[in-house]
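Here the structure is laid out as structure tokens; the discussion comes afterwards.
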Amino acid sequence: MAWIPPDAALPWVSAIAWCYLVTNLGRIVTYVPQIVAVWRCTEGARAISLLTWTSWVVSHAAAVLYGAVVMVDTLFVVVSLVNLLCCAAVTLIAAHRRGLWPASAGVVR
């Protein structure tokens, strides 16, 4: 199922598509404070559940594959991919802060 422009769809399908787009764009913006907070944390980012964030990474990876292979929907894939990258950023930064992810040259502490 490909992206259907709002003017070509039934009104309720269009509303759902726009709702999906707007809420996920908002969600992408809300990752920024979390990424900044975990980056600034010097005590190992213990308030971040690595299990939870890892499950979201896996979920978004599945969504990317679903969107690309089953739906063949570029917009869905892009939104899912950005969500995947943001969740992965939080997860990897938290793991790094806990010493679970190796430090590399030039990483700011």
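For the reader, a short list of remarks on this structure follows.
- In the set Ala9, Ala68, only one residue is out of contact with any Pro (no Cβ under 6 Å at 6 or more places or on another chain), farther than 16 Å from Ala88 by Cα, surrounded by 12 or more Cβ atoms within 10 Å (Cβ to Cβ) and modelled with pLDDT of 90 or more; that residue is Ala68.
- Among (1) in contact with a Leu (Cβ under 8 Å, 6 or more places away or on another chain); (2) modelled with pLDDT of 90 or more; (3) not basic (Lys, Arg), the one test that Leu75 misses: (2)
- Residue list for the stretch 38-61, filter: exposed (fewer than 15 other Cβ atoms within 10 Å of the Cβ), in a helix (DSSP H, G or I) and of a type outside the set (D, E, K, R): Leu51, Thr52, Ser55, Val58, Ser59
- Lone unmet requirement of (1) assigned to a loop (DSSP other than H, G, I, E, B); (2) in contact (Cβ under 8 Å) with a residue 24 or more places away in the chain for Ile35: (1)
- Pairs linking a residue in the stretch 51-77 that is under 20 Å from Thr23 (Cα atoms) to a residue that is surrounded by 17 or more Cβ atoms within 10 Å (Cβ to Cβ) and among the acidic types (Asp, Glu), with Cβ atoms under 9 Å and 6 or more positions apart or on different chains, are Gly67/Asp73.
The values are calculated or read from the model by the stated rules, or taken from the named source; none is laboratory data. The shown structure was predicted, so the numbers you read here are calculated from the model rather than taken from an experiment. Every residue, glycine among them, receives a Cβ derived from its backbone with ideal geometry; neighbour counts consider all protein chains shown.
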